[in-house]
1. Within the group 82, 22, which residue is touching a residue at least 12 places away in the same chain (Cβ under 8 Å) and either in contact with a strand residue (DSSP E or B) (Cβ under 9 Å, 6 or more places away or on another chain) or closer than 29 Å to residue 5 by Cβ (or both)?
2. Quick check on region 55-82: of everything there that is among the basic types (Lys, Arg) and farther than 30 Å from residue 44 by Cβ, which residue is surrounded by the most Cβ atoms within 10 Å (Cβ to Cβ)?
3. Could you please find all residues in region 19-48 being among the basic types (Lys, Arg) and surrounded by fewer than 10 Cβ atoms within 10 Å (Cβ to Cβ)?
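Bear in mind these aren't lab numbers, they're just calculated from the coordinates by the rules spelled out. Because the structure is a prediction, the values reported are computed rather than measured. Using ideal geometry, Cβ is built from the backbone for each residue, glycine included, and neighbour counts are taken over all protein chains shown.
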Amino acid sequence: MADEFDASKPEPAPRKEEGDVWQEVMGDMEGRRGFGINKYGTPLQAHNGRDSLVDAYQEALDLVVYLRQLIIERRDAADPTWQDRRIKHLEMAVNQARFERRQAEDALVAFKEASS
């Protein structure tokens, strides 16, 4: 199945719904702050010996990977054949591994015979 995701396509204007995402995020930030204090013994502070640009860049790279993973998983969840395709892919990988193992075993036997 072709990937239906098109990063160049803009999303529609949001609908008015219940809830406040900002409040959720602020709660998450308080939770992360507490986690950091428990882990490092201090809140995040400037001039802490780390390069915050590198830290942020590495975190952004992780974020992009997680976002793409979610896009793929949502696409696959909407496709009733994705599990069958995944099983076939894994079966092919197992067969390839078996073939390579047989080749390695044959090479070992040939090497032992040539060495004796």
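1. Working: 22 fails: touching a residue at least 12 places away in the same chain (Cβ under 8 Å).
Among 82, 22, only 82 is touching a residue at least 12 places away in the same chain (Cβ under 8 Å) and either in contact with a strand residue (DSSP E or B) (Cβ under 9 Å, 6 or more places away or on another chain) or closer than 29 Å to residue 5 by Cβ (or both).
2. 75
3. Here is the first cut: in region 19-48, the residues among the basic types (Lys, Arg) are 32-33, 39.
Matches in region 19-48: 39 only.
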